[in-house]
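Any read-out appearing in this document is the output of simple, stated calculations on the displayed coordinates, not a laboratory observation. The model shown is predicted, which means the values in this text are computed figures rather than measured ones. Glycine also receives a Cβ, built like all others from the backbone with ideal geometry; neighbour counts cover every protein chain displayed.
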Amino acid sequence: MRFIDEYRDAKAVERFARAIARVTKKPWTLMEVCGGQTHAIVKFGVDELLPKEVTLVHGPGCPVCVTPVELIDKAIEIASRPDVIFCSFGDMLRVPGTGRDLLAVKAKGGDIRVVYSPLDALKIAHENPTKQVVFFAVGFETTAPANAMAVYQAYQRGIQNFSLLVSHVLVPPAMEAILSSPGNRVQGFLAAGHVCTVMGYTEYEPIARKYRVPIVVTGFEPLDILQGVYLCIKQLEEGRAEVENQYTRSVRREGNRAAQRLIREVFRVVPRKWRGVGEIPRSGLGLKEEYAGFDAERRFGVAGYTALEASECISGLILQGVKKPHECPAFGTRCTPEHPLGATMVSSEGACAAYYRYRKRSAVSN
Ligand code: SF4
């Protein structure tokens, strides 16, 4: 299949691994930002093809993983109400809140439905006018246009019984937070290709200049990732810090302007709390005042909720590239995909889940 087979071609992968080895003279630490890239790196053993001087650390690029525990508690509170149909992507159902997860609410009779698009939730709202239908709007810039479209359509069509529980996060402020933290060890980034497909990469240019870090927009297949690593290391070895685009088959510098207009129409930039990391200024999207009537937090009076993270889980350090999953004492023992203590063990894009699935034996014995 074009664009899959050619980016998994073993000979091309070997060629690029050799090219990286040739160009690498010093030790470098790179972070891939996207959970899809983390999954591919661990699944295909991309990191094991790199010279020992190159370390890949895994960033905060799994939207399920960075959704704060209090948002899960808000979702549980709303979904428990008898007049509510709560719609969500499937991954969110098993993310632990303070005491339980959405699946437990569903088991007790809560009307929780797994949908594949916010427009499916809007359709459910249209078909169930006596119910309140809430969509759990989680994700990066990638999913924001569809969520914006659902709210825009609800507004245009006068559908009053629809709302969003919004937990949108933005990638560039998280990268800046990592780069400015005292323990930072990241020297170059592989930026998330799908986010840049929507947003382009002009936002990354001032970050590359300010922090003197190369940022390479990168795809998700093994060859994409190796090409991204190669371009990043080449810049570091040559003393350059620029934004480059490896994922040219999908990403343009200016991104998708129509999608960006839709996001700006419905959302505004707000501070956002990231699970395990804390609040990052200007790192999320919230509904604009014109669309505040579609804000589930206001509609159900849960905006003031706060909650503490499980103290045993070190996912915050993993999401900042400071630790790897197998360095967590609970990994594979008290924390497994069947009984997750943290969100990074739940989502298929979470680093802990990827290590558990593909590296469990070696990681536990290390
Ligand atoms: S293994 Fe479990 S407890 Fe440890 S960091 Fe990952 S999700 Fe958290």
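A simple rule links phi to the HN-Hα coupling: the Karplus curve 6.51 cos²θ - 1.76 cosθ + 1.60 with θ = phi - 60°, which for segment 322-327 gives 7, 10, 10, x, 6, 7 Hz, with x for Gly and Pro. Taking the Cα centre of segment 223-264 as origin and assigning +1 to Lys and Arg Cβ atoms and -1 to Asp and Glu Cβ atoms, the resulting dipole is close to 420 debye. Here the spin labels are modelled as points 7 Å beyond Cα on the Cα-Cβ line, and at Ser180 and Glu338 they lie 4.4 nm apart. Close amide-amide hydrogen proximity is noted between Gly219 and Tyr247, each under 5 Å apart and 5 or more residues distant or on a separate chain (H modeled in the peptide plane; Pro and chain starts excluded). Amide H to amide H distances under 5 Å link Asp111 with Phe86, where only residues 5 or more positions off or on other chains count and H is placed in the peptide plane. Each residue, Arg209 and Asp120, gets one label point 7 Å from its Cα in the Cβ direction; the gap between the two is 4.4 nm. Averaging the sequence gap over all C-alpha pairs within less than 8 Å and six or more residues apart, then dividing by the number of residues, gives the chain a relative contact order of 22 percent.
From helices alone, the chain scores -11500 deg cm²/dmol at 222 nm; the rule is -39500 (n - 2.57) for each run of n ≥ 4 DSSP H residues, then divide by the residue total. Averaged over residues, the count of other Cβ atoms within 10 Å places the peptides 285-297, 56-68 in the sequence 56-68, 285-297, highest first. At an R0 of 51 angstrom, the distance between the Cβ atoms of Thr130 and Arg8 translates into a FRET efficiency of 0.55.
With R₀ set to 51 Å, the beta-carbon distance separating Arg240 from Val270 gives a calculated FRET efficiency near 0.90. Of all beta bridges that DSSP places with both ends in the chain, some 20 percent have antiparallel geometry. Counting neighbouring Cβ atoms within 10 Å and putting the fewest first, the residues Asp101, Asp83 line up as Asp83, Asp101. Under the shape rule built on the C-alpha gyration tensor, where the axes satisfy a ≥ b ≥ c, segment 79-208 is oblate, since a/c reaches at least 1.5 while a/b does not exceed b/c. Couplings 3J(HN,Hα) of segment 245-251, computed from phi: 10, 6, 8, 5, 6, 10, 10 Hz, in residue order, whole Hz [Karplus 6.51 cos²θ - 1.76 cosθ + 1.60, θ = phi - 60°; x for Gly and Pro]. Per residue, the convex hull spanned by the Cα atoms of segment 19-163 measures out at 135 cubic angstrom. Backbone N atoms of segment 208-224 closer than 14 Å to the 7 Å Cα→Cβ label point of Lys43 belong to residues 220-224. Using only Cα coordinates, the Kirkwood hydrodynamic radius of segment 193-240 works out to 11.4 Å. Note that segment 169-182 has calculated 3J(HN,Hα) couplings of 10, 10, 6, x, x, 5, 5, 5, 4, 5, 5, 8, 6, x Hz, one per residue in order, obtained from phi through the Karplus relation 6.51 cos²θ - 1.76 cosθ + 1.60 (θ = phi - 60°); glycine and proline are x.
Close amide H pairs (under 5 Å, H built 1.01 Å from N) link Val169 with Gly139, Phe140, Leu285, residues at least 5 positions away or on another chain.
Inverting the pair-averaged 1/r between distinct Cα atoms of segment 158-296 gives 16.4 Å as its Kirkwood hydrodynamic radius. In the chain, inverting the average of 1/r over every pair of distinct C-alpha atoms gives 21.1 Å as the Kirkwood radius.
Once you order the gyration tensor axes a ≥ b ≥ c over the Cα atoms, which shape class does segment 5-48 get: rounded for a/c under 1.5, otherwise prolate or oblate by comparing a/b with b/c? Since a/c reaches 1.5 but b/c is at least a/b, the shape of segment 5-48 is classed as oblate.
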